[in-house]
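Visitor: So that we are looking at the same thing, I have put the structure below in structure tokens.
The values are calculated or read from the model by the stated rules, or taken from the named source; none is laboratory data. Predicted, not measured: the structure shown is a model, and the values here were computed from it. Methodologically, a virtual Cβ is constructed for each residue, glycine included, from the backbone with ideal geometry; neighbour enumeration extends over all protein chains shown.
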């Protein structure tokens, strides 16, 4: 069947005891030919796990079984396992060999003295020896045929039980191989499911983190909406108070000096404040820009060199009054100049609470460019207290996600001192959560230098009792490096006694690691080293009048200092130089 496919020497003759045995041997040879394996390769690939008794047959035994002698099912399974590439192919080969094996077990094998002897001669020899005319079988069949008498039935029953036990053993072996294959496949599936579960767990954690951020954003939006409503109510109340209590300012002229607004005569019906007149007569105003009371999504970071607010002190438009004269139109209430005027008016009328509310509203809700221009105008108008209140409101009440835009606007306008004030005000905030949220917003915006300045200010200026909560918040938020930066600044920028007191406070607050790090950052005190006096060389002797000063020239090569007198090339010389007259 397969002699033509051998790449080495051809297969030998089949020596099976029966036709199914020879057919089974021929099938195994075909498997080896298809796999390109030799008998030597097969014998080297066999393992003890392939056989029920755990013993690997010798090479000669392998050759005999491939010739059909003593067929065994575990050997067939071993050949199929070696010749197959995977489990499905192995199962296919076994399915192909199983019917042949059943015929091998069912058919009685032929008995002959020489391999390949014809059936007729074996039948004649059987008849000569007194055996039945069928072909000779295995030794069990011969014993079964030879035994007659009362013990024959018992022997045949024992042989049948032995055959049943052999079949049961073969079935158990097949079942064990199948179970081992199934266990291996289940282990691979389990590993794959575990890997998939770890990946899904990471995605679940990302989803949970995004959900938490969404909840925080929703809470901030609700808070901003409430603050917006409150600010609008305060603004309406301020406008109502301005309408009910006019300060004598008229629409005849808007020329203003510090602390004393100019008063002009005009129509009494037109005598009212500029911002209120703007709301009552919107046809005379410009379109609204930089409104501090706009919602969060309408704010845009306008640069200081853009828009009509580049020069806050520019002259407003000229209009005509009722008598035909020139009249200066009031600025709109949404301009930085109008906000500064409103603050000045509130201070002049003694409404300090209204002024504080207005500065807080500007710092909390104003556009970045609007806040920067208001602060610049307040400093120009010599109102530093109000400017500092606006910057403090930016640091402590403004939504954290909007603080980076204000810092960027201040730096673009060339006002780093205002940005530094915001850093210090934020570092001194009592709420550690507020500092943590603003620091996170600054890092998300890429302003890492501002984070560095905030941590430096917190380490240098924050109250000692407020430092441990901030350290715990930074460590719980996964920012231990920020906590170490803060402790390093505290160790280097504070006095040593204050730094040691802070370390003790941290230890009492349950942060011994932070206290140890702070103490390690303290620079050791270097005691002053006494200076050793340097001995001065003795003074040169004063030459005596009438004597000559002797100057020796070193004959060794190398650079020489300039000397008085002639220089000779042939060694040392003595030149008389008169000493100075004394």
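Visitor: Could you tell me which numbered condition residue 16 fails, if it satisfies all but one of (1) more than 25 Å from residue 179 (Cβ to Cβ); (2) surrounded by 19 or more Cβ atoms within 10 Å (Cβ to Cβ); (3) at pLDDT 90 or above?
Guide: (3)
Visitor: Find all pairs meeting these conditions: Cβ atoms under 6 angstrom apart; at least six residues apart or on different chains; first residue within the range 78-95 and within 16 Å of residue 24 (Cβ to Cβ); second residue part of a loop (DSSP other than H, G, I, E, B).
Guide: 78/46; 93/84
Visitor: Taking residue 429 as meeting all but one of (1) surrounded by fewer than 17 Cβ atoms within 10 Å (Cβ to Cβ); (2) assigned to a loop (DSSP other than H, G, I, E, B); (3) touching a helix residue (DSSP H, G or I) at 6+ places or on another chain (Cβ under 8 Å), write down the number of the exception.
Guide: Unmet for residue 429, out of (1) surrounded by fewer than 17 Cβ atoms within 10 Å (Cβ to Cβ); (2) assigned to a loop (DSSP other than H, G, I, E, B); (3) touching a helix residue (DSSP H, G or I) at 6+ places or on another chain (Cβ under 8 Å): (1).
Visitor: Might you check whether a residue that is closer than 30 Å to residue 416 by Cβ, part of a loop (DSSP other than H, G, I, E, B), modelled with pLDDT of 85 or more and in contact with a helix residue (DSSP H, G or I) (Cβ under 8 Å, 6 or more places away or on another chain) occurs anywhere in the range 517-528?
Guide: no
Visitor: So for the range 45-53 (the condition being closer than 22 Å to residue 101 by Cα, at pLDDT 90 or above and crowded, with 18+ Cβ neighbours inside 10 Å), does at least one residue qualify?
Guide: yes
Visitor: Same structure, new question: Are there any pairs with C-beta distances below 7 angstrom linking a residue in the range 213-242 that is within 18 Å of residue 352 (Cα to Cα) to a residue that is surrounded by 12 or more Cβ atoms within 10 Å (Cβ to Cβ) and at pLDDT 85 or above, with the two at least 6 apart or on different chains, and if so which?
Guide: Correct list of pairs: 231/361; 234/357; 234/361; 238/354.
Visitor: Take the conditions under 22 Å from the mean Cα position of the chain (by Cα) and assigned to a helix (DSSP H, G or I) and apply them to residue 422. Does it pass?
Guide: no
Visitor: Report whether or not residue 481 is under 17 Å from residue 513 (Cα atoms), part of a helix (DSSP H, G or I) and under 27 Å from the mean Cα position of the chain (by Cα).
Guide: For residue 481, the condition - under 17 Å from residue 513 (Cα atoms), part of a helix (DSSP H, G or I) and under 27 Å from the mean Cα position of the chain (by Cα) - is met.
Visitor: Any idea which of 90, 85 is in contact with a helix residue (DSSP H, G or I) (Cβ under 9 Å, 6 or more places away or on another chain) and assigned to a helix (DSSP H, G or I)?
Guide: 90
Condition check ((1) in contact (Cβ under 8 Å) with a residue 24 or more places away in the chain; (2) in a helix (DSSP H, G or I)) across all residues:
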residue: 376; (1), (2): yes, yes
residue: 379; (1), (2): no, yes
residue: 382; (1), (2): yes, no
residue: 401; (1), (2): yes, yes
residue: 417; (1), (2): no, yes
residue: 437; (1), (2): yes, yes
residue: 458; (1), (2): yes, yes
residue: 489; (1), (2): yes, yes
